[in-house]
Amino acid sequence: MNQRTVTTSGKQALNAIYLLIGINILVYTYRNDFLPHLNINRTYRILDGNLQSMLLSIFYHVDPTHLTMNMLCIYQTGFELYVNSSSKRWRSFSMPIISYLICGFGSFYGVELLSKFHTYQMELKMQKARVANQCTHWMCKSINNALGRDVVSSYITNVWSDWTTTFPVKLSMWHFRLIRRIGASAAVYGWVGMRLFTSWYSPYHSKMHGLDVVLWMGILAHELSKCPLSLQDLQVSTFLEEGNVDHTAHFFGAIIGMLWAALALLWDKVGGVFWRWRGESGGRRLGERWEDEYLAQERLMEQDQERRQLSRLLYDGERTVI
């Protein structure tokens, strides 16, 4: 769709996309001029992250190539997702901004949830190691009986088990919590997840081309394969793999985007009665002529034509009577 066919409400969504792109560019351009506020040390990490650091991270870039690719994806995906939608609510100014924030914040909360799952896995591994290394020698039992409590297996063997089985894991978990997570990629993948979901289930969006669906599904599958879901994967990503791509934030961003798109479409469906009661319309299926200006002009032309025909009939009837 070119600029000539963008509707008035579609321009609102387009302006929101331009605003998001502009904020990303401004943060990248002036990050060194406002170091107290735009310092990379204020960006998000699991160890001491908060909402303020999350907000800065989803707009923060240090590489011009990274910035350019993300902005192109934001424009292309946002245009198909919001500007080209047949729903007024999806073409509103607030929808792109809210979706950007939800996908960005949601991806970071997904990363924190995975970190907690790592802790749970490590505790299970420690318990199994302690049971496997428990001292069953008669001398250990004699010492425990003499002292009246399990001293040998509870202290000595536990310390040995924890050191030999969990030290590399703890180091990997510490690295996972310490790294800074910056860039709009998480929000971009969130919009990609939204675009995939709306292509399958939304009556207000066009269908994606088959090759695009296969391409993006392959990319998401690659992100999932690189996501350290297990402790072994976490150690491999920490000690063996190179690069600074945050595959975990990418994957969770896409998942959050799909969930948010499903929630937005469900609200459109469930709230349809409320919107019709207020005299508003949620949208029309793509493929119909839904542009507001065109429909309004067409209705005016039809009404004018009906008035002309009625006037002509009345005039012909009066002339016949005379």
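The values are calculated or read from the model by the stated rules, or taken from the named source; none is laboratory data. All values reported here derive from a predicted model rather than from experimental measurement. We work out accessible area using only protein heavy atoms, side chains counted, and drop any ligands, DNA or RNA first. Shrake-Rupley method; radii C 1.70, N 1.55, O 1.52, S 1.80 Å.
What the table shows:
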item: Stokes-Einstein diffusion coefficient of segment 192-266, Kirkwood radius over Cα pairs, 10 °C, 1.306 mPa s, in µm²/s; result: 116
item: Partner lysines for LYS269 [C-alpha distance under 22 Å; skip if fewer than 8 residues away on the same chain]; result: LYS88, LYS207
item: Solvent exposure of segment 161-270 as accessible area per residue, Å², 1.4 Å probe; result: 50
item: Accessible area per residue, Å², segment 72-123 with all protein chains present, probe 1.4 Å; result: 38
item: Whole-percent carbon and sulfur share, accessible surface of segment 58-131, 1.4 Å; result: 69
item: Candidate lysines - alpha carbon under 23 Å from LYS125, same-chain residues fewer than 8 apart omitted; result: LYS116, LYS170, LYS226
item: Gyration tensor verdict on segment 1-127 (Cα atoms; rounded if a/c is under 1.5, prolate if a/b is larger than b/c, oblate otherwise); result: oblate
